[in-house]
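Peer 1: Below is the structure I would like to discuss, written out as structure tokens.
What follows is calculated from the coordinates using simple rules that are stated; it is not laboratory data. Nothing here was measured: the structure is a model prediction, and the numbers come from that model. FYI the Cβ positions are ideal-geometry reconstructions off the backbone, even for glycines, and counts take in every protein chain you see.
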Amino acid sequence: MTTKISLLNDVEDVALANPIADGHSLVYNASTNKWISAFPGVFVYSNIGDLPLSGVSTGTMAIVSSTGILYVWINSGWFVVSFS
């Protein structure tokens, strides 16, 4: 189901400490049952060794440009995204 939202007030349970920043979107956090501001983009790193190992949120995606491989951070590590 898709609903068009014209104002932030149209969404219930929005928990924002700060206004939504440019490039961010609202993402539903099922653990807190609230909407949060999140960056939906894909980060680009030159080499696999450049991928951060701390301060990364589950669902963060990154492309390693030297290999063209897409990774997603799940819980505590980077995993290769495979397309079959």
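Peer 1: Give the long-range amide H neighbours of I69: residues separated by 5 or more places, or on another chain, with amide H under 5 Å away, using H modelled in the peptide plane at 1.01 Å from N.
Peer 2: Amide H neighbours of I69: V64.
Peer 1: Now, a different point. Can you compute 3J(HN,Hα) from phi for each residue in the stretch 63-68, using the Karplus curve 6.51 cos²θ - 1.76 cosθ + 1.60 with θ = phi - 60°, rounded to whole Hz and x for Gly and Pro?
Peer 2: Result, rounded to whole Hz: 10, 9, 5, 5, 10, x.
Peer 1: Something else about it: Would you mind computing, in nm to one decimal, how far apart the modelled labels at V81 and L53 are, each placed 7 Å from Cα along Cα→Cβ?
Peer 2: So the label points at V81 and L53 sit 2.4 nm apart.
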